[in-house]
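Beneath this line is the structure, given in structure tokens, with notes to follow.
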Amino acid sequence: MVSLRVNRIHFPVTVLGPGRRIGIWLQGCSIGCVGCLSKDTWDTTGGQLIDPETLVDTCRRISGDVPDGITISGGEPMDQPEALLDLLDRLHVWRAALEVPFDILCYTGRSLGWARRRYSSILDRLDAVIAEPYLAGRPQRHPLCGSDNQSLTILSDLGRERLLGYPDELSPDRRAMQVAIESQRIWLIGMPRQGDLDALEKMLHEQGVRLEHVSWRT
């Protein structure tokens with residue numbers, strides 16, 4: 001069994017797909033998009049190694065066995081194809097035993113064509129994928145995408161039911177972010193507008209709060 005290098009796991013995530021979701025951020029990225037907001041996930045030696053079986057057990061425990069969906073991000077998930085495939089197989093076994101199945105959405109900074117050529121077996125196990133690299137400075141309207149070259153691709157009937165049209169495209173001033181506090185660290189989850197994080201840091205500084213480390217400048 002090949003272990004996954006994981007940056008963090010969080011539940012519930014409410015801004016990366018419908019319902020109360022499990023968010024899994026994998027560690028390590030060979031792409032390194034300019035302007036990436038999660039540079040803390042780039043280091044291929046960071047995070048922690050977790051075998052897929054243990055990771056699924058953790059997901060079941062933190063969600064009470066009733067997640068609405070699972071969103072896998074990073075880092076670059078396709079940089080760990082063998083372990084990711086193992087994880088997806090185990091997630092399928094888990095959800096097959098549930099009365100109401102959860103959907104599985106995955107991000108990749110690779111192109112959709114590249115993913116289909118190289119890792120069609122992974123796409124076959126997903127309900128939807130958001131592909132293409134992040135391009136800083138490009139406007140973005142879909143709430144699940146970081147830049148407008150990215151798009152949501154539906155890959156299954158369940159994905160069509162859960163994610164097609166989720167939600168209707170939001171105007172730039174209505175994008176949602178989620179705040180989570182874990183182990184004296186603050187996590188911002190979601191897709192901010194251009195400049196939102198710098199504005200937040202400035203606002204906190206004016207109130208006497210200094211951020212020692214931020215992921216978008218790590």
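The values are calculated or read from the model by the stated rules, or taken from the named source; none is laboratory data. Quantities reported herein were computed from a predicted structural model and do not represent experimental measurements. Cβ atoms come from the backbone with ideal geometry, glycine included; neighbour counts cover every protein chain shown.
Assorted remarks:
- Where S121 falls short, out of the listed (1) more than 22 Å from P167 (Cα to Cα); (2) among the hydroxyl-bearing types (S, T, Y); (3) at pLDDT below 95: (3)
- Selection within the stretch 14-30 - more than 14 Å from the chain's Cα centre (by Cα) and modelled with pLDDT of 95 or more: S30
- Filtering the stretch 9-36 to residues that are farther than 20 Å from H142 by Cα, of a type outside the set (G, A, S) and touching a strand residue (DSSP E or B) at 6+ places or on another chain (Cβ under 9 Å) leaves I9, H10, F11, P12, I22, I24, W25, L26, Q27.
- The residues on offer are L112, L123, L135, L158, and the sole one that is more than 18 Å from the chain's Cα centre (by Cα) and more than 17 Å from V15 (Cβ to Cβ) is L158.
- Scan of the stretch 131-143 for residues that are at pLDDT 90 or above and in a loop (DSSP other than H, G, I, E, B), ordered by number: E132, P133, Y134, L135
- Residue tally, condition outside any helix (DSSP H, G or I), modelled with pLDDT of 95 or more and either buried (at least 21 other Cβ atoms within 10 Å of the Cβ) or among the aliphatic types (A, V, I, L, M) (or both), over the stretch 53-76: 7
- Cβ-Cβ under 7 Å pairs, at least 6 apart or on other chains, the stretch 65-93 side more than 26 Å from K39 (Cα to Cα) and touching a residue at least 40 places away in the same chain (Cβ under 8 Å), far side of a type in the set (D, E, K, R) and not in a helix (DSSP H, G or I): P67/R20; P67/R21; D68/R20; D68/R21
- Counted residues, the stretch 41-52 - those being closer than 20 Å to I189 by Cα, part of a loop (DSSP other than H, G, I, E, B) and not acidic (D, E): 3
- The listed residue being over 19 Å from L26 (Cβ atoms) and out of contact with any Cys (no Cβ under 9 Å at 6 or more places or on another chain), out of G64, G69: G64
- Residue satisfying condition, being buried (at least 20 other Cβ atoms within 10 Å of the Cβ), over 15 Å from G23 (Cα atoms), modelled with pLDDT of 95 or more and out of contact with any Phe, Trp or Tyr (no Cβ under 6 Å at 6 or more places or on another chain), within set G113, G109: G109
- Breaking point among (1) among the aromatic types (F, W, Y); (2) within 21 Å of Y119 (Cβ to Cβ); (3) surrounded by fewer than 21 Cβ atoms within 10 Å (Cβ to Cβ), for W94: (2)
- Counting only strands (runs of 3 or more DSSP E) that fall entirely inside the stretch 151-218 and contain at least 1 residues that are touching a helix residue (DSSP H, G or I) at 6+ places or on another chain (Cβ under 8 Å) and at pLDDT below 80, the qualifying elements are 177-182, 185-190.
- Selection count where residues are closer than 21 Å to D51 by Cα, part of a helix (DSSP H, G or I) and not aliphatic (A, V, I, L, M), scope the stretch 77-115: 10
- Which numbered condition V66 fails, given (1) under 17 Å from the mean Cα position of the chain (by Cα); (2) more than 17 Å from P52 (Cα to Cα): (1)
- Hey, S121 part of a helix (DSSP H, G or I) and over 14 Å from L16 (Cα atoms) or not: yes
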